Amino acid sequence: MNADPITTAQQWNDRPPRPVPLEAPVTGALLCPPDYFDVIDVRNAHMEGQIGTIDQELAWNQWLGLADAIESVGLSVHLLESHEQLVDAVFTANPSLVINDGEGIPRAIIGRMSHSNRRPESSLHRQALEKIGLPCQEIADQVEGCWEGNGDTLRHPGRALIWCGVGSRSDIDCHLEVGRMLDLEVAVLQLPDPDFYHLDTALTLLDEKRAAYVPTAFDETGRALLETAFDRLIEVDDQEARDVLAGNLWCPDGKHVLMSAGAPVTQSRLNSEGFQVVEIETGEFLKSGGSVFCMRQEIRA
Ligand code: ARG
């Protein structure tokens, strides 16, 4: 594995990441019930003006809809215990990353949250993932910075590579360390637009050759790198991406795409590519800056 990250299209062409032919499939999702879900401060651009506006009953119904949708595509739902004060614990994408390593074997890395009131979520993830049977590792203490798990780190299906977002939540040193721990190359994308503060709000890896992305979320270098790395890039409609986080998609099996309701343009582009789209109402969670992908951590076995 090369220790230098891939940041440009040229570097991709010079050393395209090696294939990983056999990988553990996604079997389920870790979700946290929204018992204490709330917006109590502003941690991202989507939360502006939303303090105290959560309709708890509606949030519960939407969360149940997400759990049903996950089961409807044949995956099992695992639960993380909810705790008072952990208002964002429902966004299970962030405090960990369950991922196939360079050998295609599933492991978990525990996240380092940037907001102090999300930090207790990390040890809860560790407990829940170990119970499921996933070996968990922490980033070494001497590596400084934050790292928000699957929110900013996406594994390229079929290749020994992670796509890593660097913006307000995750630091490059942590991404590089995670790449070393997993024996995976690191491709770095800068996130300059506050609407797309986690990589998972702007990029979804659909299969080895295809991804969906929000072009305006990236700088020119990032866009060029993505255009080189994928045979086919499906554009998420810009307005839908900003309004309902239409770029926060989850494709657990290369066939189904679970996504926010209210994004007909993006949905029909995915349909034309042959994906089966499952729409999920997530309006209450959008007020906190999260949707489908943010609300689940994948489980692999
Ligand atoms: N309110 C949460 C935060 O700001 C939302 C997290 C959304 N998660 C994601 N993976 N994009 O931390």
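Computed on region 127-209, the Cα convex hull volume stands at 113 Å³ per residue.
Between THR53 and GLU71, residue separation times 0.36 nm minus the direct Cα-Cα distance comes to 3.6 nm. As a proxy for reagent exposure, GLU71, GLU84, GLU281 were ordered by neighbouring Cβ count within 10 angstrom, fewest first; the result is GLU84, GLU71, GLU281. The mean sequence separation of alpha-carbon pairs under 8 Å and at least six residues apart, normalised by the residue count of region 161-218, gives a relative contact order of 35 percent. Charged side chains reduced to their Cβ positions (Lys and Arg at +1, Asp and Glu at -1) give region 99-252 a dipole of some 480 debye around its Cα centre. Assuming charge only on the beta carbon of Lys and Arg (+1) and of Asp and Glu (-1), the dipole of the chain about its Cα centre is about 660 debye to the nearest 20.
Dipole check for region 40-120: with +1 at the C-beta of Lys and Arg, -1 at the C-beta of Asp and Glu, and the Cα centre as origin, the magnitude is about 380 Debye.
With the charge dipole of the chain set up from +1 on Lys and Arg Cβ and -1 on Asp and Glu Cβ about the Cα centre, the Cα lying farthest toward the positive end among the listed residues LEU205, LEU79, ALA93 is that of LEU205. Per the Kirkwood formula applied to alpha carbons, the chain shows a radius of gyration over Rh ratio, Rg over Rh, of 0.93.
Going 7 Å from the Cα of SER116 along its beta-carbon direction, which residues of region 128-156 have the amide nitrogen within less than 20 Å of the resulting point? Once the point is set 7 Å along Cα→Cβ of SER116, 144-148 turn out to lie under 20 Å by backbone N, inside region 128-156.
Taking 8 Å as the Cα distance limit and 6 or more residues as the minimum spacing, I'd like the relative contact order of region 144-301 as a percentage.
For region 144-301, the relative contact order is 17 percent.
DSSP beta bridges confined to the chain are antiparallel in about 45 percent of cases.
What is the gain in length, in nm to one decimal, between LYS209 and ALA224 on full extension, counting 0.36 nm per residue of separation less the C-alpha to C-alpha distance?
3.9 nm
Every read-out reported here was derived from the displayed coordinates using simple, explicitly stated rules and does not represent laboratory data. Given the structure is predicted, the values throughout are model-derived calculations rather than measurements. Please note: Cβ atoms are built from the backbone with ideal geometry, for glycine as well, and neighbour counts cover all protein chains shown.
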